Ligand SMILES: *Cc1c(COP(=O)(O)O)cnc(C)c1O
């Protein structure tokens, strides 16, 4: 088949909104201080590794996994404090759960609404699932603009609203009363995305059953298990029973189930690293604010810090850091409110020191 007839077929059959998308870009792994992706910087401790490998060795790879992931769900209920009477569903990362929620409500004219700047996947997955996507700009200091949000709810009648609590890439937790009013006023579902729950002071999980349209989503990615791909969605059984029809039967593979079970048995380890990250976040925020050329560091309830450098510097600083072996995220250009902004994940103390040193150099270069 010729080049041109193939590209004509691609044009003819691929949905235009997919043609228009750019695939989510992840930089290839490199030998750098990696502070770009909100990973927990602490690897699994060596002392536990052989016990974990033993647990994996007992997995029968010739068999399908437990389709209901019964043991893992039970452990997650306890570990996360899922309220009695609420149902939960697991996903291959919370990204898969966002896709399933969208597929549940997608159709002509159905809208996904979210404040911006926000999590990049909300838009990508909305378009993937054939939905219209609408953003409402955040206000000063990245707080929800309540009047604008409520007006957008009336105007767009969204099938689903995503609220990241705390928000990525800004790091702040939105005002709780404003979120509550949005849940009340929303005509459809509201998903409160608590990817950073472990680093935050507050949660909607205990109240998930108190609103007819609320779902709470979490993930183990940011607390130390990003490699597993495991997210959870919690809500009333009436919603979860419908979602369960869309979930592909074996979406959580046997090795992920065994590894997550093992990790939750040893969760003191994860809890300790989370506590260390919170302490280190405070130190890093203070140090960052004193670096010449850093004009603003926003308060964070997540495992990263968003900061602004002098006008026009962000891209050069990002590249300068990379040249010095430190990878962070350049937010400049991703949204008007993020001009001159960068985002750094809280690393190990030594990594943070290297980052601060490289940043100081890059800003004075
Ligand atoms: C990282 C992140 C996720 C993605 O979590 P996975 O479980 O790794 O897919 C979801 N929501 C927000 C706001 C995030 O920052």
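The values are calculated or read from the model by the stated rules, or taken from the named source; none is laboratory data. These numbers come from a predicted model, not from an experiment. All Cβ positions, even for glycine, are placed from backbone atoms using ideal geometry, and neighbour counts span all protein chains on display.
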Look through the stretch 209-227, keep the residues that are surrounded by fewer than 21 Cβ atoms within 10 Å (Cβ to Cβ) and either closer than 11 Å to residue 86 by Cβ or within 16 Å of the ligand (Cβ to nearest atom) (or both), and return whichever of them is nearest to the chain's Cα centre (by Cα).
226
If a residue has to be over 16 Å from residue 161 (Cβ atoms) and assigned to a helix (DSSP H, G or I) to count, how many in the stretch 122-142 make the cut?
6
Which of the residues belonging to the stretch 90-121 are away from the ligand (no atom under 15 Å from the Cβ) and either part of a strand (DSSP E or B) or under 21 Å from residue 39 (Cα atoms) (or both)?
111, 113
Looking at the stretch 132-148, is at least one residue under 23 Å from residue 235 (Cα atoms) and either in the same structural domain as residue 205 (by TED's automatic domain parsing) or at pLDDT below 95 (or both)?
no
With respect to residue 87, is the statement that it is within 16 Å of the ligand (Cβ to nearest atom), under 18 Å from residue 245 (Cα atoms) and assigned by TED's automatic domain parsing to the domain that holds residue 251 true?
no
Per-region count, the stretch 162-193, residues farther than 21 Å from residue 238 by Cα and within 16 Å of the ligand (Cβ to nearest atom):
13
Could you check, for the stretch 101-118, whether at least one of its residues is in contact (Cβ under 8 Å) with a residue 60 or more places away in the chain, closer than 22 Å to residue 252 by Cβ, in the same structural domain as residue 227 (by TED's automatic domain parsing) and surrounded by 22 or more Cβ atoms within 10 Å (Cβ to Cβ)?
yes
Among what's in the stretch 286-320 and is under 21 Å from the mean Cα position of the chain (by Cα) and outside any loop (DSSP other than H, G, I, E, B), pick the residue that is surrounded by the fewest Cβ atoms within 10 Å (Cβ to Cβ).
297
For the stretch 321-343, indicate whether the set of residues that are closer than 25 Å to residue 193 by Cβ, modelled with pLDDT of 95 or more, assigned to a loop (DSSP other than H, G, I, E, B) and out of contact with any strand residue (DSSP E or B) (no Cβ under 9 Å at 6 or more places or on another chain) is non-empty.
yes
